[in-house]
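For reference, the structure discussed in these notes is given below.
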Amino acid sequence: MYNFLISGGIALIAIIIIFIAAGSSAWWWAILVGLILFGASFLLISRVIMKKILEIMETANRDIQAQRVDKAIRELKEAFKYGKWQMYVDGQINSQIGMIYFLKRDFSTAFPYLEKSFAKNWVSMGMLAVTYMKRNKRDKMKETFEKAVQWSPKESLLWALYAYCWTECDDIGQAKAVLERGLKKLPGDEKLKANMESLEETKKMKMKVYGEMWLQFHLERQGVVMKQQMAAMGGMKRRVVRR
């Protein structure tokens, strides 16, 4: 990582200069100055790099909103050049690109990006886990979800999605166990409680309560999604008429 190497080089040069100028008796002073310079230079370079990456992401987001998805992806890929400068950049960019392809339902193209996604991005990790489930790779699905809940334990939808995928694998016991763990992290969460009650009553989980965030994982049948969209449009028309 260039940032680490450059900052380390600056610190080392400062230590050597102080040793030569003041002698070995000033070793503690040399190390202190070196550490301060390392921290300051590392922070400065990090800020510059992250500013450039945020600018790229903001431009890409504007293009996505304008339905210029392919252009947004090309712009995001430009940010890979900063991966050698800053830790976790590649993972964050892979997460963003993978999510875009997944939302487009281009699952095969999304997969390699999601595989390299940032573990703290629970949405991209959830999409990756769903992909593993659809490919009948339960061990990989579980491994991915476990990594996601480790980094994002306070996300109600993540726990519900994890449990739902177990129900899709016909393992209600695992689904209940996941919801129990989720309720320990989020005591009082009404959505998780309602889903636990549904499973105990041998009913399907109620995922629609999570709204659009749930639909992005493409686990609802297309017909159901279209009906929801048509109902929403009908509601908008009625409100306009009443006005």
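The values are calculated or read from the model by the stated rules, or taken from the named source; none is laboratory data. Nothing here was measured: the structure is a model prediction, and the numbers come from that model. Please note: Cβ atoms are built from the backbone with ideal geometry, for glycine as well, and neighbour counts cover all protein chains shown. The accessibility values were calculated without ligands, DNA or RNA, using every heavy atom of the protein model including side chains. Shrake-Rupley method; radii C 1.70, N 1.55, O 1.52, S 1.80 Å.
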Kirkwood-type radius of the chain, with distances r between different C-alpha atoms, in Å: 21.3
For region 23-166, with +1 on Lys and Arg beta carbons and -1 on Asp and Glu, the positive-most of Trp122, Trp151, Leu103 along the dipole: Leu103
Region 4-116, dipole about Cα centre (Lys/Arg Cβ +1, Asp/Glu Cβ -1), debye to the nearest 20: 180
Exposure ranking of Glu75, Glu55 by accessible area [1.4 Å probe, largest first]: Glu55, Glu75
Percentage relative contact order, the chain, counting C-alpha pairs under 8 Å, at least six apart: 10
Electrostatic dipole magnitude of region 94-169 [Cβ: Lys, Arg +1; Asp, Glu -1; Cα centre; debye, to 20]: 100
Of Phe38, Met57, Gln86, farthest towards positive along the dipole that unit charges on Lys, Arg, Asp, Glu beta carbons give the chain: Met57
Charge dipole (debye, nearest 20) of the chain; +1 at Cβ of Lys and Arg, -1 at Cβ of Asp and Glu: 980
Anchor Lys71: lysines whose Cα lies under 26 Å away (excluding residues fewer than 8 positions away in-chain): Lys51, Lys52, Lys81, Lys84, Lys104, Lys116, Lys120
Gain upon complete extension [Gln67, Lys51; 0.36 nm per residue less C-alpha separation]: 3.3 nm
Rounded to whole Å, sorted largest first: equivalent-ellipsoid semi-axes of region 96-225, Cα gyration tensor: 23, 16, 14
Extended-chain gain in nm, criterion 0.36 nm per residue less alpha-carbon gap, Trp27 and Thr109: 24.1 nm
Residue among Leu199, Leu219, Leu44 with the largest mean-square fluctuation in a Gaussian network model of the chain, springs linking Cα atoms under 10 Å: Leu44
Rounded accessible area of Ile20 (nearest 10 Å², 1.4 Å probe): 140
Region 195-202 - phi-based ³J(HN,Hα) in whole Hz, Karplus 6.51/-1.76/1.60, Gly and Pro as x: 6, 5, 4, 4, 5, 5, 8, 6
Residues Phe80 and Ile16, FRET efficiency given R0 of 51 Å [Cβ-Cβ distance, rounded to 0.05]: 0.90
Value of [θ]222 nm, deg cm²/dmol, for the chain, DSSP H segments ≥ 4, -39500 (n - 2.57) each, nearest 500: -25000 deg cm²/dmol
Extension gain (nm, one decimal) between Phe4 and Lys184, 0.36 nm per residue minus Cα-Cα: 60.9 nm
Mean projected area (nm²) of the alpha-carbon convex hull when region 14-138 is viewed from all directions: 10.4
